[in-house]
Every structure is written in C-alpha cells, then in structure tokens.
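Trainee: Take a look at the following structure, please.
The values are calculated or read from the model by the stated rules, or taken from the named source; none is laboratory data. This is a predicted model, so every value here is computed, not measured. Here the Cβ positions follow ideal geometry from the backbone for every residue, glycine too, while neighbour counts run over all protein chains shown.
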Amino acid sequence: MPITLSPPRSRLFWIALPLVLGLTLLLGIAALSADGAAHATDAPADDQYVDIATVTPVRPPVRGPGGGTGTYTVDCGRNERGHRNADNFVISPGLVNGAHHTHDYVGNLSTNALSTDRSLDAAATTCAGGDRSTYYWPVLRRLDRAGTDAHTAGGGAHGNSGEILTASSVRVEFRGNAAGAVVAMPRFLRLVTGDPVAATVPSADVRAQWGCSGYPERFTTKYARCPQGSGPTRTLDFPSCWNGLTTDSPGHRAHVRFPAADGSCPPATFPVPQLRITLAYELPNGTPFAVDSFPEQLRNPVTDHAMFVNLMTRDRMTELVRCVNEGRRCGAA
C-alpha cells in the first residue's frame, strides 16, 4: 500500500518522515540479507570443510635400493591466457561441452573437444622447452562474486556459479619412483586422476588432495580451511605404473595404475615418471570457494580430478628420465 505524506509545511510531515526513512532502511537491509542468503546457498555444506591444522601430515615413501628421487619441473604458466572450455577430449572426444563443467588448461593451446594426437602435435604451447603436452583440471570459483558465464555451458547453465579464479601458481613436476628406476612415458599416453562422479557413486578412484599453502604434506579430500595468510591448494597426483603396451584403455585407467605406498608397481607394469600438479590460490581469509563439477555432484570436493596427455619429444623425455633416476633436480629450459 503506498504511503502518502502531508505537505512539507505540515507538522505531521516532520513526524512521519523519520518513520518512513526507517522503514526504507529496514526494507533495504532485508533485501541485502536475502541476496546474501542466495549467495550462501551456493557454498558447499559446512561438513565439506576441515581445519587444515587437524589434518595429519603424510610421510613420503622411503627410497629403496635403486630408487630415483629426482624431480623435473616444467614451467607452463598459470593459464594467464584464459584457455578454458567445458570439453573433455580424453573422456568425451568430439562432444562439445561434454564435461558440463569448465576446465582450466596449461600447455597445449589447442586443446578442445575436437583435439586429436595429430592436431595437438602441431599446436603451440605455454610450456617451456616446447612441451606440447596438455594438462587440465576443473576451475575453482570464488562464490561471493558473480561469474561472467552465469548462463553458459560449463558455468551457471550447469550449476557452476561464481567468479573463475586464476591460480597464483601452477607447479608441473615429474618425480622418480622410490622403489626403482623409471622408464620413459610413450608419446600420447593419456592419464586420468580422481573421479568426477565420486559424490554419488562409491569409488576407489578418489584422489582429491586439498590443502593450504605453508602446510606441506597435509592433504584432505574435503575443502581445507586455511589460517590467515594461507590460501587453498590442490595437489593432483597421477598414476605412474604403466602396462608397457598401450597409451589408453577402455575407461582410461586400466593401462596405468597407481603404485603402492612404498612405490612398488603391480605385476606386469613398469614405473614411469609420476606427474604431480600443484595449484595454489590467493584468497582473503574466509572467502567461500568451490570446484566446478557435474550438476548432480553439487561441487563436492571429493570430485576433484585432472587429465594429462604426453606430447613431450622423445629427447625431452629421455632427459627427464635420466634426471629423476639420478636423483637430481632439473627443469625444462
């Protein structure tokens, strides 16, 4: 019902004015609160978070006789060019927007749903040393800010709201095997880590490792609550026991398995350099964030995953293998 005031010269006007202003203020606060509540519903439930200080550190495996503990890093940038799409050519080749969530890429600049070994091998790259490999994972979003893809595939159209974050650092690292020497990866080898549907289907393939900067070797499958001055991290470890025969397999997992805790590989498999991608983000303390996921996965942190296709030259791979087997720290130049 409209509120009608008496003319300004009326005494009643000056009595009613504070009441009207107060009502206006209350309505404004209510509107802001409702908007804030809408943003809060985008955040995962509280039980999806854990204080990093309560997480037990993981001890690395002890090196055995003949084991290689070297590391080889490749600088591929932080996706400063904004190479993103809702494709996944490893899992859904040829299907545009088949991922139903948005992926971040470093390395090969041509990667999309229509990529082939041949097209990737002819493309440019963000990696040092000419490494044309493709490395990708779901984007992380800041939930207290609106995204620019609120109505597009992979974004809001698939339930993934919020502003996409560019990682403050991306470390691409290949490591040796604690149990023995590694052999070279074949070109075009496809690797998958994590399970994007683990929130709704029991899975032995969960590999999510959330953490906080400044807290090495503390990993959790839940979103990590970090102290002041520390930001969220994601550590993506890939399988590294190859069957020696094929570069892919039905389901994209059977041809490469994870090693045991001591680094040993299952029978009839051979250790290759283990890829680890570490992502770090700078966020104000307490800022809500979530990873992209399939709509029915509700952005559960357990669904974190990543993909890799090897397009290093044979000479570069030979250099990498020698480095990690000799226990050195090297990098692509």
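Trainee: Out of Arg187, Arg84, Arg78, Arg142, report the one residue that is of a type outside the set (Phe, Trp, Tyr) and closer than 23 Å to Gly244 by Cα.
Mentor: Arg187 is the lone residue from the list that is of a type outside the set (Phe, Trp, Tyr) and closer than 23 Å to Gly244 by Cα.
Trainee: Across the range 53-71, which residue is farthest from Gly214 (Cα to Cα) among those that are within 25 Å of the chain's Cα centre (by Cα) and β-branched (Val, Ile, Thr)?
Mentor: Once the filter is applied, the top-ranked residue is Thr71.
Trainee: Suppose we filter Ser168, Ser213, Ser203 for residues that are in the same structural domain as Trp137 (by TED's automatic domain parsing), small (Gly, Ala, Ser) and without any contact (Cβ under 8 Å) to a residue 12 or more places away in the chain; which single one remains?
Mentor: Just a single option satisfies the conditions, and that option is Ser203.
Trainee: Just checking: which of the strands (runs of 3 or more DSSP E) contained wholly in the range 228-333 hold 2 or more residues that are modelled with pLDDT of 95 or more and hydroxyl-bearing (Ser, Thr, Tyr)?
Mentor: Those strands (runs of 3 or more DSSP E) span 232-237.
Trainee: Let me ask something else about it. When the residues of the range 139-152 are narrowed to those that are out of contact with any His (no Cβ under 7 Å at 6 or more places or on another chain) and of a type in the set (D, E, K, R), which ends up surrounded by the fewest Cβ atoms within 10 Å (Cβ to Cβ)?
Mentor: If we take residues in the range 139-152 being out of contact with any His (no Cβ under 7 Å at 6 or more places or on another chain) and of a type in the set (D, E, K, R), then Arg145 is surrounded by the fewest Cβ atoms within 10 Å (Cβ to Cβ).
Trainee: Considering only the range 131-174, state which residues are on the phi > 0 side of the Ramachandran plot and touching a Ser or Thr at 6+ places or on another chain (Cβ under 7 Å).
Mentor: Quick first cut of the range 131-174, residues on the phi > 0 side of the Ramachandran plot only: 154, 159, 162.
Matches in the range 131-174: Gly154 only.
Trainee: Can you confirm whether Met307 is in contact (Cβ under 8 Å) with a residue 60 or more places away in the chain, over 18 Å from the mean Cα position of the chain (by Cα) and surrounded by 21 or more Cβ atoms within 10 Å (Cβ to Cβ)?
Mentor: So Met307 fails the test.
Trainee: Let me spell it out: the conditions are (1) surrounded by fewer than 16 Cβ atoms within 10 Å (Cβ to Cβ); (2) at negative phi; (3) within 21 Å of the chain's Cα centre (by Cα), and Val206 meets all of them except one. Which number is the exception?
Mentor: Status for Val206: all satisfied but (1).
Trainee: Hey, does the range 72-90 have a residue that's more than 30 Å from Glu163 (Cα to Cα) and either under 17 Å from the mean Cα position of the chain (by Cα) or of a type in the set (Ser, Thr, Tyr) (or both)?
Mentor: As a first pass, look at the range 72-90 and keep what is more than 30 Å from Glu163 (Cα to Cα): 72.
Now restrict to residues that are either under 17 Å from the mean Cα position of the chain (by Cα) or of a type in the set (Ser, Thr, Tyr) (or both): 72.
Yes, some residue in the range 72-90 is more than 30 Å from Glu163 (Cα to Cα) and either under 17 Å from the mean Cα position of the chain (by Cα) or of a type in the set (Ser, Thr, Tyr) (or both).
Trainee: Restricting to the range 148-178, name every residue that is over 30 Å from Gly214 (Cβ atoms) and either of a type in the set (Lys, Arg) or assigned to a loop (DSSP other than H, G, I, E, B) (or both).
Mentor: Thr148, Asp149, Ala150, His151, Thr152, Ala153, Gly154, Gly155, Gly159
Trainee: Let me ask another. Sort out which residues of the range 100-138 are of a type outside the set (Ser, Thr, Tyr), in contact with an Asp or Glu (Cβ under 6 Å, 6 or more places away or on another chain), in a loop (DSSP other than H, G, I, E, B) and crowded, with 23+ Cβ neighbours inside 10 Å, and write them in order of number.
Mentor: Across the range 100-138, the qualifying residue is only His101.
Trainee: I want to confirm something. Restricting to the range 258-284 and keeping residues that are among the small types (Gly, Ala, Ser) and surrounded by fewer than 19 Cβ atoms within 10 Å (Cβ to Cβ), which single residue is farthest from Gly214 (Cα to Cα)?
Mentor: Narrowing the range 258-284 to residues among the small types (Gly, Ala, Ser): 260-261, 263-264, 268, 280.
Narrowing the set further to residues that are surrounded by fewer than 19 Cβ atoms within 10 Å (Cβ to Cβ) leaves 260-261, 264, 268.
Numbers: Ala260: 27, Ala261: 24, Ser264: 29, Ala268: 39 Å.
Within the range 258-284, the match that is farthest from Gly214 (Cα to Cα) is Ala268.
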